1. I need every pair where a residue in segment 224-252 that is among the hydroxyl-bearing types (Ser, Thr, Tyr) has its Cβ under 7 Å from the Cβ of a residue that is in a helix (DSSP H, G or I), sequence separation at least 6 or different chains.
2. Quick one: count up the residues across segment 67-96 that are touching a strand residue (DSSP E or B) at 6+ places or on another chain (Cβ under 7 Å), outside any helix (DSSP H, G or I) and not acidic (Asp, Glu).
3. Any idea which of ASP193, ASP149 is under 23 Å from the mean Cα position of the chain (by Cα) and of a type in the set (D, E, K, R)?
4. Mind listing just one residue for me: the one in segment 14-28 that is open to solvent by less than 50 Å² (accessible area, probe 1.4 Å) and not hydroxyl-bearing (Ser, Thr, Tyr) and, of those, farthest from PHE52 (Cα to Cα)?
5. GLY81: free of Cβ contacts under 8 Å to residues at least 60 places away in the same chain, within 28 Å of ARG242 (Cβ to Cβ), open to solvent by 30 Å² or more (accessible area, probe 1.4 Å) and small (Gly, Ala, Ser), yes or no?
6. Of these, PHE14, PHE99, PHE20, PHE52, which one is in a helix (DSSP H, G or I), touching a residue at least 40 places away in the same chain (Cβ under 8 Å) and not acidic (Asp, Glu)?
7. Please return the ranges of helices (runs of 4 or more DSSP H) entirely within segment 109-215 where 3 or more residues are open to solvent by less than 10 Å² (accessible area, probe 1.4 Å) and within 18 Å of PHE248 (Cβ to Cβ).
8. Here are some residues: GLN40, GLN31. Which one is open to solvent by 30 Å² or more (accessible area, probe 1.4 Å), assigned to a helix (DSSP H, G or I), more than 30 Å from PHE243 (Cα to Cα) and in contact with a Cys (Cβ under 7 Å, 6 or more places away or on another chain)?
Amino acid sequence: MLISYRKNLDRIIFLSMMSFFVLPTLATIYQALAYGFSLQCLAIVISTQIMFVMDTVEMNMRFHSQQAAYEKARYEAEHDGMTGLLNKEAGWKHMRKYFDRMDSHDEAMLMFVDIDDFKTINDTYGHTVGDFWIREVASQLRHIYRQDDIICRYGGDEFMALIRNTASEQVLETTLGMFFQQLTRISEQHGQDVHCSVGVCRIPSIHISGNTDGGNGEDTRGGVDFDQCVKQADLALYETKRFNKGTFTVYDYDRPQPASQSASRSGRKV
């Protein structure tokens, strides 16, 4: 245990604790070989070694207990209790970090996902059913997208997802098609009409090439404006909910016009 913790201990403390264990043991062995056993000396050494081991074990247990408590507190501070997704604050923190590191070769898609007519669902079926659909939407998003994508519960019945390292419309249509189909299947199983609207801000690499320095072709732009991208995704969601609920709308970054058609709840283009 001491050896495993040596990186967390000062060198002088580590050597002192090791000497407390090693030196009496070596001295006892030498005395036994050279002069024979001394029961009194042997008893003292054994008792001190037992005390040392017990203290070290207790320190180890306390360390792991504190570490587990810290990890639990950090998890609870960053995650939504109902869905297990990142909460808004933690999600935005991770997304901003990714945006700040983007360069001219990176691309991504930022999505708002909203459960349509959620108040009606609560009023008609009750809050328990509403909570079920919040957890179900979260589960489907987590299942469809990759582990390194960032998904968070934005609040209430709304979610955000940052799909990293791709701006492919085919990937978007395929994954959202699967998402809509799965929700339709589960809705039919429960005899309810539940669907989601999605707004997407797509960030192809060509749209973040930035300015060049002195005409030498070197990119001088640091990252993508996260707030601007959120605004575009929110506008795309607003358009979807206003004109064609249960589908998705895509805006390209820095372009306040739809970049592609939506898809129906079954995944087909409309």
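1. Partner pairs satisfying both residue conditions: THR247/THR240; THR249/ALA236; THR249/GLU239; THR249/THR240; TYR251/GLN232; TYR251/LEU235; TYR251/ALA236.
2. Residues flagged as touching a strand residue (DSSP E or B) at 6+ places or on another chain (Cβ under 7 Å), outside any helix (DSSP H, G or I) and not acidic (Asp, Glu) within segment 67-96 amount to 5.
3. ASP149 is the lone residue from the list that is under 23 Å from the mean Cα position of the chain (by Cα) and of a type in the set (D, E, K, R).
4. PHE14
5. Answer is no for this residue.
6. PHE99
7. Result: 127-144, 169-190.
8. The match here is GLN31.
The values are calculated or read from the model by the stated rules, or taken from the named source; none is laboratory data. Predicted, not measured: the structure shown is a model, and the values here were computed from it. FYI the Cβ positions are ideal-geometry reconstructions off the backbone, even for glycines, and counts take in every protein chain you see. Please note that ligands, DNA and RNA were not included when accessible areas were found on the heavy atoms of the full protein model with its side chains. Shrake-Rupley method; radii C 1.70, N 1.55, O 1.52, S 1.80 Å.
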